[in-house]
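Written out below as structure tokens is the structure these notes cover.
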Amino acid sequence: MFQKIKSYVAKHKTILLVVLLVLLIGTASTGILLLGRYLARLLSTQILTPLAELRRAAAAIQRGDLSRALPPMGSDEVGMTCRAFDDMRRDLQRARAREAEEESRRRELFIGILHDIATPLTAIKGYASGILDGIAKTPDKQRHYIKRILRSTATM
């Protein structure tokens, strides 16, 4: 019986080698495809997903929305880049808040200056009208009104 098997193998050795080679190539190809799929998924989760988040955050900043924070991304180069980008976003957010605060202070200062100028101008206008309308008829009264005008201009 062993002799028959040996004789069968000898006759069909080439065919068996081809079948074995096909099985080996098929198994290797399947392994390579599975490894490729695993690496593609790994690439997607470790690189492409964070880059998509980074792209969305950049678009939000371009629209003026500085409130969109990036989620934690890991400790590799992509994660470090995302953290640096998010730090930049926070710095821009703080700078914008400071700028708005400074603008508010400038507005208040401008309003204060306008008020400080408007009060003496109103007094000057009143004294000048008094002179023109004849309220200050005497030279002493006119002199008094002119002195007031001069003091109001000195105050400004």
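The values are calculated or read from the model by the stated rules, or taken from the named source; none is laboratory data. Quick caveat, the model's predicted, so the values are computed rather than measured. Don't worry about glycine lacking a Cβ; one is built from the backbone with ideal geometry, like all the others, and counts go over all protein chains shown. Accessible surface is based on the protein model in full, side chains and every heavy atom, while ligands, DNA and RNA are left aside. Shrake-Rupley method; radii C 1.70, N 1.55, O 1.52, S 1.80 Å.
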Examine the stretch 86-101 for a residue that is at pLDDT 85 or above and over 16 Å from the mean Cα position of the chain (by Cα), and state whether such a residue exists.
yes
How many residues does the stretch 77-100 hold that are more than 30 Å from Leu51 (Cα to Cα) and either open to solvent by less than 100 Å² (accessible area, probe 1.4 Å) or in contact with a helix residue (DSSP H, G or I) (Cβ under 7 Å, 6 or more places away or on another chain) (or both)?
1
Show the residue pairs that are 6+ apart or on different chains and have beta-carbon atoms under 9 Å apart, the first residue being within the stretch 50-76 and surrounded by 15 or more Cβ atoms within 10 Å (Cβ to Cβ) and at pLDDT below 85, the second being of a type in the set (S, T, N, Q) and assigned to a loop (DSSP other than H, G, I, E, B).
none
Does Ala40 fit the bill of being closer than 25 Å to Asp76 by Cβ and of a type outside the set (Val, Ile, Thr)?
yes
Hits in the stretch 105-138 - residues which are of a type in the set (A, V, I, L, M), out of contact with any Ser or Thr (no Cβ under 9 Å at 6 or more places or on another chain), closer than 18 Å to Leu150 by Cβ and open to solvent by 80 Å² or more (accessible area, probe 1.4 Å):
Leu132
